[in-house]
Protein chains: 2
Amino acid sequence: MHVVLPDGTRLEVPAHATGADVSQAIGPGLAKAALGVKVDGRLSDLLSEVPQGAEVTVLTRKDAAVADLMRHTLAHVMAQAVREYFVQQGYEAQTVRMGIGPVIEHGFYYDFDLPRTLTPDDLGAIEQIMRRIVADDLELRKYELPRDEALERYRRTGDPFKQELIQDLPAGEPITFYEQGGEAGFTDLCRGPHVPRTGVIAPHFKLMSVAGAYWRGDERRPMLQRIYGVAFLTKDELEHHLWLLEEARKRDHRKLGRELGLFTFSEDIGAGLPVFFPRGEIVRFEMERYVRELQTRYGYQHVWTGHMVRESLYERSGHLENYADVMFPAMEDEEVRMRLKPMNCPSHMTLFNAGHHSYRELPLRYAEFATLYRYEKSGQLSGLTRVRSLTQDDCHIFCTEDQIQAEFSLALRLIREVLSTYRMTDYRVQLSLRGAEGKYVDDDEKWVKATAALRRALDAEGVPYEEASGEAAFYGPKADFMAKDALGREWQLSTIQVDFIQPARLGCSYIGEDGDKHVPVVLHRAVTGSTERFMGVMLEHFAGDLPLWLAPEHVRLVPIADRHLDYAAQVRERLLAAGLRSEIDDRSERMNAKVRDAELLKVPYIAILGDKEAEAGSVSFRSRKEPNRNGVPLQAFVDELAALVASRSAQAEEDAAPA
Amino acid sequence: MHVVLPDGTRLEVPAHATGADVSQAIGPGLAKAALGVKVDGRLSDLLSEVPQGAEVTVLTRKDAAVADLMRHTLAHVMAQAVREYFVQQGYEAQTVRMGIGPVIEHGFYYDFDLPRTLTPDDLGAIEQIMRRIVADDLELRKYELPRDEALERYRRTGDPFKQELIQDLPAGEPITFYEQGGEAGFTDLCRGPHVPRTGVIAPHFKLMSVAGAYWRGDERRPMLQRIYGVAFLTKDELEHHLWLLEEARKRDHRKLGRELGLFTFSEDIGAGLPVFFPRGEIVRFEMERYVRELQTRYGYQHVWTGHMVRESLYERSGHLENYADVMFPAMEDEEVRMRLKPMNCPSHMTLFNAGHHSYRELPLRYAEFATLYRYEKSGQLSGLTRVRSLTQDDCHIFCTEDQIQAEFSLALRLIREVLSTYRMTDYRVQLSLRGAEGKYVDDDEKWVKATAALRRALDAEGVPYEEASGEAAFYGPKADFMAKDALGREWQLSTIQVDFIQPARLGCSYIGEDGDKHVPVVLHRAVTGSTERFMGVMLEHFAGDLPLWLAPEHVRLVPIADRHLDYAAQVRERLLAAGLRSEIDDRSERMNAKVRDAELLKVPYIAILGDKEAEAGSVSFRSRKEPNRNGVPLQAFVDELAALVASRSAQAEEDAAPA
């Protein structure tokens, strides 16, 4: 038989050749460095046979993909270590039962049924045993067993989970095992792929946590203990990852929300329904005000359509059929069934339908900050990023087919301006198109035309994008913005979607230049997505240190003594008149304690007011961005701050610091 | 027997003396001028007996109260005229059956069961017959019949409604009739009071309309035809009333809402749920922005608590028990029952309870513009003034008992500033106190203290008020602002209520200076009431001609020819940059048509842009408040307008007109 190498070379190899055999056939140097292979683009290992005619790439330590081979083998190493750990403590080996142990992003896990609950302390000890097993450089071997023998093996050890896994394998599927360190070592039912020896595993791994996990994710099945580990090829990667985790923990918006007094959840209000304290309300208000101002400048109009509609509207729009799962239950009496709005489109189309429209009026851009209600499963709720009440910065643009490109361009520009203000400049755009198959609206001409318009708009605006075939909504193509936050985590935020269907379903029409009735195209567009979710993302992105214009409190006023309270009140009045938010700390605490408390609340400016300042009508202040400044005339301080706030520019804030 | 005159004089009169007898006993001149009497303060007539010892005031044409006597007699005159009218047309007299015919504010009505439906044309003819009956100067006579005879009379004529009325009279109650023009004239079952002769009725009456009305207001009973009439003592009063009606019709906010493109209702959305077009959204947004800015300036804080809560919260607060009628039905699944918020108080108290509070933090003023949902009966819905979705400018002030006066004062000042901005300067304040009986919270000290605090605050702020005993809420005293609009109609708008109960029910507490836990007092406060209702009132108050700052469009730009479109776009940009709202009328209509259309939309400024203006960089404009001005430099125009808008002063707008 033969295989094909990446450069196209045809290489003859013996029948049943493995990845190792192919490496060897290429050359002994490569064979020595080889850690795995890619077979027709899929990750495989040196122990597995390669199929006739396959394209084979040999992977060495230089290939990032081998990290996943190591992670997989580390899962086995961990399982071996856990068994050894319990045997050391006097338990029977068979009391350690195993579920599954897959590779995940950055690492691996394994689920165990153990004689006792693990503590974080156990993890250190297990990790030590793992390092010894790696150092022992155990060789891995792969082999296949007939179903009966495979089952028999786990019947002997009384291992119910593995038996179940084997029973669930389709007939005809080979049942393979990986053994490390011979029969005395550790053997696991596994499809692979793995590294050939434990000794090649990079030492940059770490066990992170243990958590309960239902067998097969089913809450009626036994609860197992899942140990998570991370593993990387280099020390730098591991350290960066650990830093990111620590940073993410510190930035967790739920933690920041509590610490900064922004929002809370209450059993009395209901799950997934955040309520906002005054400091948090300011942040959400400023966020919405900003998008509203921008939308007004870009020629969008705002409408108001409340929070509910008659259920019959969702029957006609098709939402009741396709979307009922995420709607709150109906409010029902003899008269009528009402539903909370899970989205605005049918309401905006109803508003559109309340008038007669000519092509001259198009495009009509109806924007609204409406709180929508979606009945997410309680298990999926998470802080502000997964809520049941979400206030979308939603817009529906009614336009002709010929206007799609221009409207799409306008929306792109608006979105980019907003993301740039929030310093989310690292983003990618995915243009989702219909696939070859699937339940896409059957109107070839419309798809072709709209897709071309979107491409032209993206090109004209210089927005790089990747196309994803088969990812479109059934009603038309769409573009999604995936933006990276300061920790490199990707969030799907803005979206623009073309809709060929709903306007027709709900009977939207306009009179064209030809005097005939036409159905408008509708673009669905959201900028930040929802205020709640975006606020959660921004809190983590800025680690709570929000840009000045978003800060709930611009200036904390710290009078040094009670005799400076009058002056503090004057300063507060002046700030208030300029639209600036400040609070006076009139507690009888020491100055340093007051400054520290303001810093904990991440107040951007802290003004110290003492005799000198009161006499001179000045302020001395410290800020997070610039060195301390003393004796700045009050009006200059107010003007400077007001200008910074008005600019909404994080850059300007930093530039404000005198050289 | 004797009666007592207003000056205290004791006057001897014969037994069974009537009002006429008393007048006669006083003097023949008065007897001639007399039209009715007041007996112990209650309106009565010359035909009825006065009781022994009663205080009797004789009424002449100079007493406003006699208008109601005339109105009542006019109802009988109308009934006589209707019967005559149908007989003229060949119907049997008995086919005209009668229900009731009472006096109402400004006039009277009578309900008829007629052989055919009346048209507005019929009303003119009926009114002519009424005028003849008045001119005939028929004398009225009052008499009593035993129940059997009374019933028999209507059995003979086959009049079911009158029979039912008699049957429903309690036993022992005299059954009285008023007859005018003798037996050949018209007789009606009636308690009175009436004028003594039809000839004394002032001719300033008019039949207004006919409408369907169920017998006794019960929709399962027959539908009758109700004719409404108005009647006054003087021509001026009648004319003023007709002008007010016409003006109110023109100002009807539902009509203006349609004409100005502000809002609409839709069957698809639901009854009582207004939706707002872009022009209407601007008005509501500006209204809320104004109160928000003011509240911030006055030291209120804004919170956000969404639109629903778990039903259990309303169980604890007591709302479910007392308020369930006006709540929307619950949203219910296995997990939980949710309710749309009909008010914010329990949500704000929940937010308060999320933290620990010291007396130092009080007062805490939680304000929110939350849309509340109240399930008003569909028959009671009316435009924006009675809706099911209402966005309150609500606030709950958590304070100590000692702070009630200061907080009440602050709220009073805020309310007065807002009402003054809206030119609602003619208002009265009703201070509602507990009554001697009733289900008032049983805490004498709290009532006395709070009532004194409210009185002191009203006095200190120089707000005149009247006290209404027995009108307080069960949870504490309150003050309501009743403001008169431009047509003199009174609207209940702002309210401040003291609450001794809910904070304790929901477990609100703070640590006092004494280190102990205390329950705060809560003041409920609304300024404009709800955005929707206030917008309706303001549209009528200003007849749609909203103050500049509220106008959906500040300036309509009218280019004279297509070659001025570029300049118009420049002007628009400049206006937009200054936060001013404008639209370009680029239709190919004549200039006059464009100006007229802008005037119909009540756009405050209309700028005409032609060659001169484009060359000079100026605008020529007309406005509703000032004479036309030509060649005003663009920037000067923008600055002037921006300053007017920022001032939010209707006065400044008028003063802007050069002398």
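List of remarks:
- Highest mean packing comes first when the peptides A:120-132, B:236-248, B:47-59 are listed by Cβ atoms within 10 Å, giving B:47-59, A:120-132, B:236-248.
- Taking the C-alpha atoms only, the angle from helix B:235-251 to the longest principal axis of chain B is near 40 degrees.
- Between region A:404-468 and region A:107-154, the Cα center-to-center distance that results, in Å: 48 Å
- Interchain or long-range residues, amide H under 5 Å from B:HIS554's placed H: B:ARG581, B:SER582
- Peptides A:527-536, A:608-617, ordered by how many other C-beta atoms sit within 10 Å of their residues on average, highest first, read A:527-536, A:608-617.
- Percentage relative contact order, region B:555-655, counting C-alpha pairs under 8 Å, at least six apart: 27 percent
- Working from Cα pairs under 8 Å separated by at least six residues, relative contact order for region A:22-63 is 40 percent.
- Whole-number percent relative contact order across region A:263-380, with pairs defined as alpha carbons under 8 Å at least 6 apart: 29 percent
- Antiparallel beta bridges, as assigned by DSSP with both residues in the protein assembly as shown, represent about 85 percent of the total such bridges.
- Angle in degrees between helix B:565-577 and the longest Cα principal axis of chain B, rounded to the nearest 10: 90 degrees
- What the phi angles of region B:480-495 give under the Karplus curve with 6.51, -1.76 and 1.60, with θ = phi - 60°, is a coupling list of 10, 9, 10, 10, 8, 8, 4, 9, x, 7, 9, 10, 7, 10, 6, 8 Hz, glycine and proline written as x.
- Between copies, the label points at A:GLU183 (set 7 angstrom from Cα along Cα-to-Cβ) are spaced 13.3 nm, reported in nanometres from shortest to longest.
- For B:VAL619, nonlocal amide neighbours, meaning residues 5 or more places apart or on other chains whose placed amide H falls under 5 Å from its own, are B:GLY631, B:VAL632, B:LEU634.
- Per-peptide average of other Cβ atoms within 10 Å, ordering A:163-170, B:428-435 highest first: B:428-435, A:163-170
- Rh (Kirkwood; distinct C-alpha pairs) - region A:2-59, Å: 10.7 Å
- Label distances, nm, B:ARG629 versus same residue in remaining copies, Cβ-directed 7 Å point: 3.8
- Ranking of A:ASP40, A:ASP443 by solvent-accessible surface, largest first: A:ASP40, A:ASP443 (1.4 Å probe, protein heavy atoms only, all chains present).
- Only aspartates and glutamates eight or more places from A:LYS32 in sequence, or on another chain, were considered; those with a Cα closer than 13 Å are A:ASP21.
- Partner chain coverage, peptide A:363-371 - average Cβ within 10 angstrom: 2
- Working note: Karplus 6.51/-1.76/1.60 with θ = phi - 60° gives region A:55-65 the couplings 8, 10, 10, 7, 9, 10, 4, 6, 8, 4, 4 Hz, where Gly and Pro are set to x.
- Entries in B:LYS38/B:LYS142; A:LYS377/A:LYS478; B:LYS142/B:LYS162; A:LYS142/A:LYS162 that, when Cα-Cα distance is taken, lie over 19 Å: A:LYS377/A:LYS478
- Per-residue ³J(HN,Hα) for region A:24-35, Karplus 6.51 cos²θ - 1.76 cosθ + 1.60, θ = phi - 60°, Hz, x for Gly and Pro: 4, 5, 6, x, x, x, 5, 4, 6, 7, 5, 10
- Within region B:555-655, antiparallel bridges make up roughly 45 percent of the DSSP beta bridges whose residues both belong there.
- Around the amide H of A:MET208, modelled in the peptide plane, lie the amide H atoms of A:TYR228, A:GLY229, A:VAL230, all under 5 Å away and 5 or more residues distant in sequence or on another chain.
- Accessible surface buried at the A:B interface totals approximately 4700 Å², computed with a 1.4 Å probe on protein heavy atoms.
- Part-to-part distance (alpha-carbon centres) for region A:616-635 and region B:189-238, which is given in Å: 76 Å
- Links that overshoot a 25 Å alpha carbon limit, given the list A:LYS602/B:LYS517; A:LYS255/A:LYS594; A:LYS517/B:LYS250; A:LYS235/A:LYS625: A:LYS602/B:LYS517; A:LYS517/B:LYS250; A:LYS235/A:LYS625
- Between helix A:278-297 and chain A: long-axis angle, C-alpha atoms, 0 to 90°, nearest 10: 80 degrees
- Shielding value for A:261-269 is 6, the average number of Cβ atoms from other chains within 10 Å of each residue's Cβ.
- Counting Cβ atoms of other protein chains within 10 Å of each Cβ in A:327-334 and taking the mean gives 5.
- Within chain A, percent of DSSP bridges classed antiparallel, to nearest 5: 85 percent
The values are calculated or read from the model by the stated rules, or taken from the named source; none is laboratory data. These figures come from a predicted structure and were not determined experimentally. Cβ coordinates were reconstructed from backbone atoms using ideal geometry, including for glycine residues, and neighbour counts include every protein chain displayed. We work out accessible area using only protein heavy atoms, side chains counted, and drop any ligands, DNA or RNA first. Shrake-Rupley method; radii C 1.70, N 1.55, O 1.52, S 1.80 Å.
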